[in-house]
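Below is one structure, written out as structure tokens; the observations come after it.
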Amino acid sequence: MSKRLHARSIPSRLVTGLYVAHTGLEKWRGNEERAATLHDMAAGAFPTLKEMPAAKFMRLLASVEIATGAVLLAPMVRNRVAGAALTAFGAGLVTMYLRTPSLHQPDSYWPTQAGTAVSKDIWLVGIGLSLLLD
């Protein structure tokens, strides 16, 4: 194994990279309705995004996801770099979760039923930090 990629990090990088890249590709092919839904949720958490057209936002988000997945899948990219990319991406998703009251219970970080899928993004941060500290 090279100094860039350790055998112990291959499973987390492979699975996470494939998943993140796949979700990006799904968004890339998304329709106007999906774009509006994603944009509304993101703009609620990050008001500066309100000015951006929904379709453009979805393409930007898809690009970031595809790039993050590619960085995780590229064996020549050091764990530290891949971990930083995944941590930053996951932190953005977790921030959106925390800023959206309907996704978590009042006065709590525990998710509502609607927030369960988004709350799981904390795992991306954990995996990213593990790679970053490796």
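Since every read-out is calculated from the coordinates, none of them should be taken as a lab result. Owing to the predicted nature of the structure, the values given are computational and were not obtained by experimental measurement.
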Principal-axis tilt of helix 32-45 within the chain, Cα atoms, nearest 10 degrees: 90 degrees
Angle between the chain longest axis and helix 10-28 axis [Cα atoms, degrees, rounded to 10]: 30 degrees
Calculated from backbone phi, Karplus (6.51, -1.76, 1.60) coupling profile of the range 85-92 in Hz, x at Gly/Pro: 4, 5, 5, 5, 5, x, 5, x
For the range 25-68, the Rg and Dmax computed from alpha carbons only, in angstrom: 9.7, 25
Listed residues A62, A117, A54, most fluctuating in the chain (Gaussian network, C-alpha, under 10 Å): A117
Estimated 222 nm signal from helices in the chain, with DSSP H stretches of n ≥ 4 weighted -39500 (n - 2.57), rounded to 500: -22000 deg cm²/dmol
Residues with amide H under 5 Å from that of F46, placed H, sequence gap 5 or more: none
Inter-part distance where the range 5-69 and the range 77-105 are each reduced to a Cα centre, Å: 11 Å
Cα-based reach from K120 at 17 Å (exclusive), listing aspartates and glutamates while leaving out same-chain residues under 8 positions away: E65
Alpha carbon Rg of the range 55-98, scaled by the compact-globule rule 2.2 N^0.38 Å: 1.23
Bins of 10 Å from zero: percent of alpha-carbon pairs in the chain: 13, 38, 33, 13, 2
Most fluctuating residue given options A74, A45, A84, as computed from a GNM of the chain linking Cα atoms under 10 Å: A74
P(r) of the range 77-134 over all Cα-Cα pairs, binned every 5 Å from zero, in whole percent: 4, 23, 24, 17, 13, 10, 6, 1, 0
